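Enquirer: Structure incoming, see below.
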Amino acid sequence: MTVRALESRDFPDLLALLKLQDEDAAHRSMTPESRSVEELALELGELSPYSELVPLVLESDAGLTAYVALCRYDGEAFLEGPLMHPEASVEEVKPLVLEATAEAKRRGFAFVEAFVDEENRRAQQVLSEAAFEPFRTTYIYTFTRGTPLAPLAPSPFRFERTKTVDLSSYRDLYRETSDNWATRLAWRDEDLLERFADPNVTLTLAYRGDKLVGHLELERFPDEGYAEVAYFGVLPEARGQKLGRELLLRGLHEAFADEAIEQVLARAQDDERAASFALEGVGFRLSHGVVAFTLELEP
């Protein structure tokens with residue numbers, strides 16, 4: 001077994017592994033999106049969207065056995081993979097992951113993350129053997145056009161769909177509706193304003209009287225036929241009154257008003273049971289879970 005850099009001659013074998021994982025959740029992890037040799041050459045080559053990309057493979061006498069890539073995006077390091085041939089063992093693939101994490105350390109990263117399907121036990125075992133620790137499972141839900149959708153009804157809350165956002169109020173609401181969300185708090189004012197100016201992004205705010213108590217952010221991808229509930233949340237003081245359900249219903253009605261949208265995606269983390277109940281209560285179906293792993297790199 002040899003750990004080496006990915007080469008162009010590996011693309012057909014890598015494509016075969018990618019198609020294999022598409023067929024079975026037990027092989028799925030975060031991997032390249034491309035599904036042709038030509039697209040892989042673009043995604044993993046000089047035009048890659050990642051500012052730093054170190055794709056590595058494990059080669060055996062039989063050919064390409066596993067793939068891992070160290071990626072850097074928005075200042076953080078994460079792994080694509082491990083993507084493994086069904087006959088590859090945990091011990092065989094472990095050196096590939098160790099080389100990727102060693103490269104992350106050489107590049108000065110403090111930690112590196114990886115994301116694999118909840119059913120992908122072998123990849124989880126490889127990561128655990130390489131000292132990664134699981135810290136969160138995110139559940140992906142789907143709602144497909146044609147699924148029975150409850151109508152909107154009179155509500156004690158007032159809803160406002162807006163493109164004009166008071167950033168201070170938004171940040172307070174974002175912070176207070178979840179203990180887990182922190183990403184947007186680091187965004188600059190201009191980043192947030194650009195986000196909500198996007199014609200495919202809509203923010204719905206919920207009020208009780210004049211008090212802002214909830215929000216739902218919907219992003220549409222009409223060319224790809226789906227929309228995504230990027231965030232939704234309710235202040236603790238307004239919970240237990242079915243406001244989360246009302247926000248989700250409004251998001252679904254808005255999404256399916258666009259004839260190009262065939263499916264809506266949403267996410268809930270393993271400690272957000274109220275969010276999961278709300279999603280399931282309006283008709284979302286659980287698709288799969290993604291386990292996030294992290295490894296702190298010693299200086």
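The values are calculated or read from the model by the stated rules, or taken from the named source; none is laboratory data. Keep in mind it's a predicted model, so treat the numbers as computed, not measured. Positions of Cβ are generated from backbone atoms using ideal geometry, with glycine treated the same way; all protein chains shown enter the neighbour counts. Heavy atoms of the whole protein, side chains included, go into the accessibility calculation; ligands, DNA and RNA do not. Shrake-Rupley method; radii C 1.70, N 1.55, O 1.52, S 1.80 Å.
Enquirer: The stretch 140-299: Rg/Rh from Cα coordinates, Kirkwood Rh? Spell out each step's value before the answer.
Expert: Working: Rg = 15.9 Å, Rh = 16.5 Å.
When Rh is taken as the Kirkwood radius, the ratio is 0.96.
Enquirer: How big is the accessible area of residue 85 in square angstrom, nearest 10, if you roll a 1.4 angstrom probe over the protein chains?
Expert: Approximately 70 Å² for this residue.
Enquirer: Relative contact order for the stretch 155-288 using alpha-carbon pairs under 8 Å, separation at least 6, rounded to a whole percent?
Expert: Numbers: 188 pairs, mean separation 27.2, N = 134.
For the stretch 155-288, the relative contact order is 20 percent.
Enquirer: Go through the stretch 190-238 and name the chymotrypsin sites (Phe, Trp or Tyr not before Pro) that are in a DSSP coil and have 14 or fewer other Cβ atoms within 10 Å of their Cβ. It would help to have the intermediate numbers written out before the result.
Expert: Values: sites: 196, 207, 226, 231, 232; in loops: none.
Within the stretch 190-238, no chymotrypsin sites (Phe, Trp or Tyr not before Pro) qualify (loop, at most 14 other Cβ atoms within 10 Å).
Enquirer: Take the Cβ-Cβ distance between residue 60 and residue 121 as r, set R0 to 22 Å, and report the resulting FRET efficiency rounded to the nearest 0.05. Mind showing how you got there, number by number?
Expert: Working: r = 22 Å, r/R0 = 0.98.
Here the calculated transfer efficiency is 0.55.
Enquirer: Now, a different point. For residue 211, which lysines qualify as cross-link partners when the Cα separation must be under 22 Å and same-chain residues fewer than eight apart are set aside?
Expert: 163, 242
Enquirer: State to the nearest 20 debye the size of the charge dipole of the chain about its Cα centre, where the only charges are +1 on K and R beta carbons and -1 on D and E beta carbons.
Expert: Roughly 1240 debye for the chain.
Enquirer: Loop only per DSSP, at most 12 neighbouring Cβ atoms within 10 Å: give me the GluC sites (Glu not before Pro) in the stretch 21-96, ordered by residue number.
Expert: Values: sites: 23, 33, 38, 39, 43, 46, 52, 59, 76, 80, 87, 91, 92; in loops: 33, 46, 87.
Hits after loop and neighbour filter: 33, 46, 87.
Enquirer: Just the number please: accessible area per residue for the stretch 55-102, 1.4 Å probe, all protein chains included, in Å².
Expert: Values: 1820 Å² over 48 residues.
Here the residues of the stretch 55-102 average 38 Å² of exposed surface.
Enquirer: Give me the 1.4 Å probe accessible area per residue for the stretch 114-263, excluding ligands and nucleic acids, in Å². Provide the component values of the computation, followed by the final result.
Expert: On the way: 7720 Å² over 150 residues.
I get 51 Å² per residue for the stretch 114-263.
Enquirer: With the crude spin-label approximation of a point 7 Å out along Cα→Cβ, what separation in nm comes out for residue 175 versus residue 273?
Expert: Calculated label separation equals 2.8 nm.
Enquirer: Running a GNM on the chain with Cα contacts under 10 Å, which residue among 188, 35, 122 ends up with the highest mean-square fluctuation?
Expert: 188
Enquirer: How high is the FRET efficiency from residue 189 to residue 38, r the C-beta distance, R0 45 Å, rounded to 0.05?
Expert: Details: r = 40 Å, r/R0 = 0.89.
That pair, residue 189 with residue 38, gives E of 0.65.
Enquirer: Using label points projected 7 Å from each Cα along Cα→Cβ, tell me how many nm separate residue 242 and residue 280, to one decimal.
Expert: Here the answer is 1.8 nm between the modelled labels.
Enquirer: Under the rule of -39500 (n - 2.57) per DSSP H run of 4 or more residues, summed and divided by the residues of the chain, what mean residue ellipticity at 222 nm is obtained, to the nearest 500 deg cm²/dmol?
Expert: Working: 8 runs with 89 residues, N = 299.
Dividing the helical sum by the residues of the chain leaves -9000 deg cm²/dmol.
Enquirer: Using only the Cα atoms, what convex hull volume per residue in Å³ does the chain have? If you can, show how the numbers build up before the last one.
Expert: Values: hull volume 43.7 nm³, N = 299.
Measuring per residue, one finds 146 Å³ for the Cα hull of the chain.
Enquirer: Something else about it: Probe radius 1.4 Å, ligands and nucleic acids ignored: give me the carbon and sulfur share of the accessible area of the chain as a rounded percent. Walk me through the intermediate numbers first.
Expert: Numbers: 7280 of 15210 Å².
The nonpolar share, carbon plus sulfur, comes to 48 percent.
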